Amino acid sequence: MNSGVTLKNAPSRALAWALPYWTRGAPGRETPAELFRVLYTGWAVAFALKVLGSSWDVSWHFKWLRDDLAPPHLINSVGTAIVVALTIVHGYTGYGVDKTALRLIQWGTGIFLVAVPLDLINHRINGLDITSWSPSHVLLYVGTAFMIAGVVRGWFVGAPPGARRNVVLGLFFLYFFENMFFPNQHQEYGVLGIAAWDRGTPYAEPILIQFAAEQLGRPVDRGMAVAFSLPMPDWLYPVYSVAACALVLVVARKMVGLRWTATLVAAGFVAYRCAIWPLLYVADFPPSAVPFFLVAAGFAVDVAFLAPRVPAVVRALGGAVLVTLAAYGALLAQSQLLAAPPLPLSSAPVAAALLAVFWLGAAWAVRRFGLEPRDQPMEARVSVTATP
């Protein structure tokens, strides 16, 4: 009986706690430590819902026709609602963020909210999106990337130094990495989808197969299955994994500043993919090829930072080569031992060159905007223990 009363009164108690903070303020405002924790716990929950929804979403679209109210979309919608609420709170009160973090969060949320109706319109006009790389989808990833970048910045300048700060910063980089890698999952589901087709037991329901064939203007045959499952050029998967996704690991290593940060972020993502694999399979949803090779890429990033005093250009060039060799080598081994999307080895020099350029740019940006561990003050800049 008492527990029921407690639950019934919980909303009113939460409102009573929150209302004193609802005052207008500029970004960079001193933020009570308890409020700071609540705000960034909200971000962690919102991004967790986004990850869960998106993981199910790709698998869903390899089985069923698209539906705006599909369960994965509803999970993402809850996360989006939390994001919008947090953006409003930060923007109105100025709590928990500096000006740069707030602008990144606002731009990201704005881009995302514009992309949602554009994506719905795109589906109404064109039916299925045969690829994760459509313009409306890319806008969703870009918006989410800006959001997470703002949250990373806000946590970096506001969280007090210590183990918790590093762990949560690593968690936000894990979310960033998942968002960056997300479009590559199309090829990972696609390669197993083709294998299922060849076995005579396609994962897709007949209504989806027929719809895809009509949209592609092809008969229902293996060519149609390949066009649906692997619509992008083969070089895109490995080049994007190295040039874009490994770059997130580089920035994570530089900002967290601890050995094996990149390895742990990559391993955390792979562990998550391993955890959801049996859940999707048992629920009769299509599984994907798990990108185990990313752990090797993360390890190579960390190895590139082991030498303490190396010129930035040398570290970027040597690190890009090391990461490319590790990623391509591990991906080749995975394709032989397990399953992986096609791997054209001739694309490796392009991946290495792009990563080297991006690595140099990221190193400059981290220094320019004071985002290295030594730039973090002994006392957090936006959180204090006072209460309103």
Item to check | About the Cα centre, charge dipole magnitude for the chain (Lys/Arg +1, Asp/Glu -1 at Cβ), debye | outcome: 1280 debye
Checklist entry - For helix 163-181, what angle does its Cα long axis make with the longest principal axis of the chain, in degrees from 0 to 90 and rounded to 10? => result 30 degrees
Checklist outcome for this item: Across Pro238, Pro135, Pro183, the residue with the highest GNM fluctuation in the chain (Cα network, 10 Å cutoff) is Pro135
Checklist outcome for this item: Note on the chain: contact order normalised by length, alpha-carbon pairs under 8 Å, 6 or more apart, percent, works out to 21 percent
Item to check | Whole-Hz couplings from phi, Karplus 6.51/-1.76/1.60, listed for segment 48-60; x for Gly and Pro | outcome: 5, 5, 4, 5, 4, x, 5, 4, 6, 4, 4, 4, 4
Item to check | P(r) histogram, all alpha-carbon pairs of segment 28-231 included - 5 Å bins from 0, percent | outcome: 1, 7, 14, 18, 16, 12, 10, 8, 6, 4, 2, 1, 0
Checklist outcome for this item: The answer for the net charge of residues other than Ile276 whose Cβ lies under 13 angstrom from its Cβ, with Lys and Arg +1 and Asp and Glu -1, is -2
Checklist entry - Helix 71-93 versus the longest principal axis of the chain: what is the Cα-based angle in degrees, 0 to 90, to the nearest 10? => result 30 degrees
Item to check | Computed label-point distance, nm, for sites Ser335 and Arg309 using a 7 Å Cα→Cβ extension | outcome: 4.3 nm
Checklist outcome for this item: Against the 2.2 N^0.38 Å rule of thumb, the C-alpha Rg of the chain sits at a ratio of 1.05
Checklist outcome for this item: Rh_Kirkwood(segment 251-343) over Cα pairs, Å, one decimal, evaluates to 14.4 Å
Checklist entry - How far is helix 135-158 tilted off the main Cα axis of the chain, in degrees rounded to 10, range 0 to 90? => result 30 degrees
Next on the checklist: Explain nothing, just compute: Karplus ³J(HN,Hα) = 6.51 cos²θ - 1.76 cosθ + 1.60, θ = phi - 60°, for every residue of segment 271-288 in order, whole Hz, x for Gly and Pro.
Outcome noted: 4, 4, 4, 5, 6, 7, 3, x, 5, 5, 5, 5, 7, 6, 10, x, x, 10
Checklist entry - Highest GNM mean-square fluctuation, the chain, Cα pairs closer than 10 Å: which of Leu74, Leu104, Leu169? => result Leu74
Checklist entry - How long are the semi-axes of the ellipsoid equivalent to segment 25-84, from square roots of 5 times the Cα gyration tensor eigenvalues, in whole Å, largest first? => result 33, 10, 7
Item to check | Inter-label distance, nm, simple model (7 Å from Cα along the C-beta direction), Leu118/Cys274 | outcome: 3.8 nm
Checklist entry - All other residues with a Cβ under 15 Å from the Cβ of Gly223 taken together, and with Lys, Arg as +1 and Asp, Glu as -1, what is their net charge? => result -1
Checklist outcome for this item: Over the chain, the sum of -39500 (n - 2.57) across DSSP H runs of at least four, divided by residue number and rounded to 500 deg cm²/dmol, gives at 222 nm -23500 deg cm²/dmol
Checklist entry - trypsin sites (Lys or Arg not before Pro) within segment 198-298: which are DSSP loop residues with at most 14 other Cβ atoms inside 10 Å? => result Arg259
Checklist entry - So what's Rg/Rh here for segment 126-206, counting alpha carbon atoms and using the Kirkwood radius for Rh? => result 1.19
Checklist entry - By the scheme Lys and Arg +1, Asp and Glu -1, what is the net charge of all other residues having a beta-carbon under 15 Å from that of Ala246? => result +1
Item to check | Spatially proximal aspartates and glutamates relative to Lys63 (Cα-Cα < 18 Å; intrachain offsets below 8 disregarded) | outcome: Asp129, Glu188, Asp198, Glu205, Glu214, Asp221, Asp284
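The numbers here are math on the coordinates, done by the rules we state, and not lab data. Being a predicted model, the structure only gives us computed values, none of them experimental. Methodologically, a virtual Cβ is constructed for each residue, glycine included, from the backbone with ideal geometry; neighbour enumeration extends over all protein chains shown.
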